[in-house]
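Read the figures in this text as sums done on the coordinates, not as results from a lab. Since this is a predicted model, take the numbers as computed values, not measurements. Here Cβ is always computed from backbone atoms with ideal geometry, including for glycine, and neighbour counts include all displayed protein chains.
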Amino acid sequence: MTADSGERPLGVFGYFVHEAVRRLWVYKRTSMVAIGMIAIALMTLGSFLLISENLNRAVDRWQGQSQITVFLTRDATPAQIDAARSFLTREPELSKFTFVSREAAYAKFRKHFTQLAPVLDDLDQNPFPPSFEVQLDEVKVNDPPFAKLVAGLRRVDGVDDVQLDWQWVSRLRRIASVLSLVGLIAGGVLAVAAAFTIANVIRLTMFLYREEIDIMRLVGATEATIRGPFLLEGIFQGMCGGVLAVALLYGLFRGVHALATGPASALLWEFLFSEFIPWPTALALIGGGVAAGFFGSWISVREAREEKAG
């Protein structure tokens with residue numbers, strides 16, 4: 001090269017970029033296979049992360065950190081409501097409570113589940129019962145004394161059910177964790193497969209360019225100059241696969257939102273697809289594609305170097 005030492009790094013990198021893009025274009029069919037594999041792997045992982053993130057958001061929004069909800073019958077009389085209130089008042093562990101009337105429960109549901117508001121409008125009457133939301137201090141909820149206390153509360157006239165909110169919150173947390181783990185494993189396996197697909201594509205490209213590589217060696221080109229474009233080609237394939245995965249995931253997200261018209265679909269949307277994954281997570285998916293692309297191209301370049309040395 002004739003460039004001076006100050007321009008050489010930029011000139012070499014520009015050559016790498018030019019050659020990598022040119023080879024991607026010339027062999028676009030094989031490149032698209034590699035890009036598609038990366039996109040499928042990362043979209044699989046992203047789908048699980050999307051559902052897991054939204055489950056965690058839903059839990060954060062609805063959980064009472066230490067709370068039980070005492071549901072009364074829908075036709076509970078004032079005397080029955082007072083009886084439940086008296087029971088809660090005389091028990092120190094249950095004395096911090098808020099009464100939620102049927103009207104307040106109706107308004108609360110409409111506020112948090114806007115997608116289901118039309119369903120409520122079609123009902124002839126308010127379907128929600130009155131309830132007491134009881135905030136608990138640090139208590140051992142699994143201890144026999146507390147369980148006995150809850151059992152006594154269930155026997156109060158007019159009490160229909162006592163819901164231990166942290167139980168279903170804990171279950172949803174576990175479900176979200178399992179989904180994240182399953183997505184990570186499935187996405188990881190597919191990403192490794194995609195990396196080896198990229199390795200095969202780069203290996204094929206190096207074979208097709210073998211005469212050009214031999215000529216470059218004859219004129220004194222370094223191995224770094226020869227191998228650099230192939231490494232960058234794999235990185236570009238991984239990056240394109242990552243961007244495609246995020247774009248497809250967003251398309252899926254918007255598609256589910258558009259199709260969420262019925263009550264069941266609206267509830268599914270509310271819990272599983274209320275918000276898109278955070279942009280740091282989206283960028284991490286793209287970064288994962290770049291890493292898989294680099295790994296695949298590095299495998300091919302290393303094998304070629306070992307073959308040359310042998």
Return, for the Cα atoms of the stretch 64-165, the radius of gyration and Dmax in Å, separated by a comma.
14.7, 44
Contour excess over end-to-end distance, with Cα ends at Lys28 and Glu275 and 0.36 nm allotted per residue:
85.5 nm
Need one number: nm distance between label points at Arg171 and His112, each 7 Å from Cα along Cα→Cβ, rounded to one decimal.
1.6 nm
Rank by packing, highest mean first: peptides 126-132, 84-90, with packing defined as the count of other Cβ atoms within 10 Å averaged across residues.
126-132, 84-90
I need to check one value: relative contact order of the stretch 67-205, counting alpha carbon pairs closer than 8 Å and at least 6 residues apart, in percent.
38 percent
With unit charges on the beta carbon (Lys/Arg positive, Asp/Glu negative), name the residue among Trp25, Leu42, Phe13 whose Cα is farthest towards the positive pole of the charge dipole of the stretch 7-58.
Trp25
Along the charge dipole of the stretch 64-165, which of Ala104, Phe71, Val134 sits closest to the positive end, that is, farthest toward it, with unit charges on the beta carbon of Lys, Arg, Asp and Glu (+1, +1, -1, -1)?
Val134
